[in-house]
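Worksheet: the structure to be examined is printed underneath.
The values are calculated or read from the model by the stated rules, or taken from the named source; none is laboratory data. Since the structure is predicted, the reported quantities are computational estimates derived from the model, not experimental observations. Virtual Cβ from ideal backbone geometry, glycine too; neighbours counted across all protein chains shown. Surface areas here come from the heavy atoms of the whole protein model, side chains and all, with no ligands, DNA or RNA. Shrake-Rupley method; radii C 1.70, N 1.55, O 1.52, S 1.80 Å.
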Amino acid sequence: YKFRISSLEAVNQRNSAWEKDKVFLERFEKNRDKEIFYIDKDSDLLMAMRPVYMEKSRGCLECHGTKEDNLNLNSEDKLRGIFIVTSSMKNVNNQIKSSIYQISIIGFIIMVIAVFLGSAYVFKINSTIKEIIQVSKNMSEGNLMQKIYIHSKDELGALVNYINSMVHSVSDVLRGVKAAADDLTASTKEIADTANSI
């Protein structure tokens, strides 16, 4: 960075205000701003400016004196000039470009991870639906021994649990019907045997 002093009534001519400085001196005089930051696009410089308010008679002690000397500084004093610190925007621009590059890479990585996780989840849903279709088909053909094995606590897992419960319930009902039919067959055979004996 570079530091300089700019004043409309400079005692030292090298501190005389440049044409661009006069605009800021007028702003400080009019608005009584505490500081102004400005980016000069022509020279690609960041400018940080602060005003100096004091009477001419106070001399150098106002700036270079002790704290006790400065206690009497009145904010209503006349604007004597401004301190200007300039810094090249090249480093800032390089940092911005680097940050954009890093954000782009991180965004791309997040996008790849999101696509991968989304594809994995879609594959999981698709395979579960295929298993549900297969179990339903087997059930319609009379095979009630097959189950779907998915360990998931989401809605898909709940659906699979309900289907497995339904298959188990239907299987229990059919076992009960088969047991009743077996009992009926045995009873019918017994009645037939009794009839033959009679």
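Suppose we keep only residues that are of a type outside the set (Ser, Thr, Tyr) and part of a strand (DSSP E or B) within the stretch 2-20. Which one would you say is farthest from Thr86 (Cα to Cα)?
Residue satisfying both the conditions and the ranking: Ile5.
Restricting the stretch 21-33 to residues that are over 12 Å from Ile84 (Cα atoms) and part of a helix (DSSP H, G or I), which is least open to solvent (accessible area, probe 1.4 Å)? Ranking the candidates gives Phe28 first. Of everything in the stretch 21-57, what is more than 42 Å from the chain's Cα centre (by Cα), of a type in the set (Lys, Arg) and modelled with pLDDT under 85? Give them in sequence order. Matches in the stretch 21-57: Lys56 only. On the given criteria, is Ser88 under 30 Å from Leu45 (Cα atoms) and surrounded by 12 or more Cβ atoms within 10 Å (Cβ to Cβ)? The answer is yes for Ser88.
Per-residue answers, yes or no, for (1) among the polar types (S, T, N, Q); (2) open to solvent by 90 Å² or more (accessible area, probe 1.4 Å); (3) in a helix (DSSP H, G or I); (4) touching a His at 6+ places or on another chain (Cβ under 6 Å):
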site: Ser119; (1), (2), (3), (4): yes, no, yes, no
site: Phe123; (1), (2), (3), (4): no, yes, yes, no
site: Glu131; (1), (2), (3), (4): no, no, yes, no
site: Lys137; (1), (2), (3), (4): no, yes, yes, no
site: Met145; (1), (2), (3), (4): no, yes, no, no
site: Ser152; (1), (2), (3), (4): yes, no, no, no
site: Asp172; (1), (2), (3), (4): no, no, yes, no
site: Asp182; (1), (2), (3), (4): no, no, yes, no
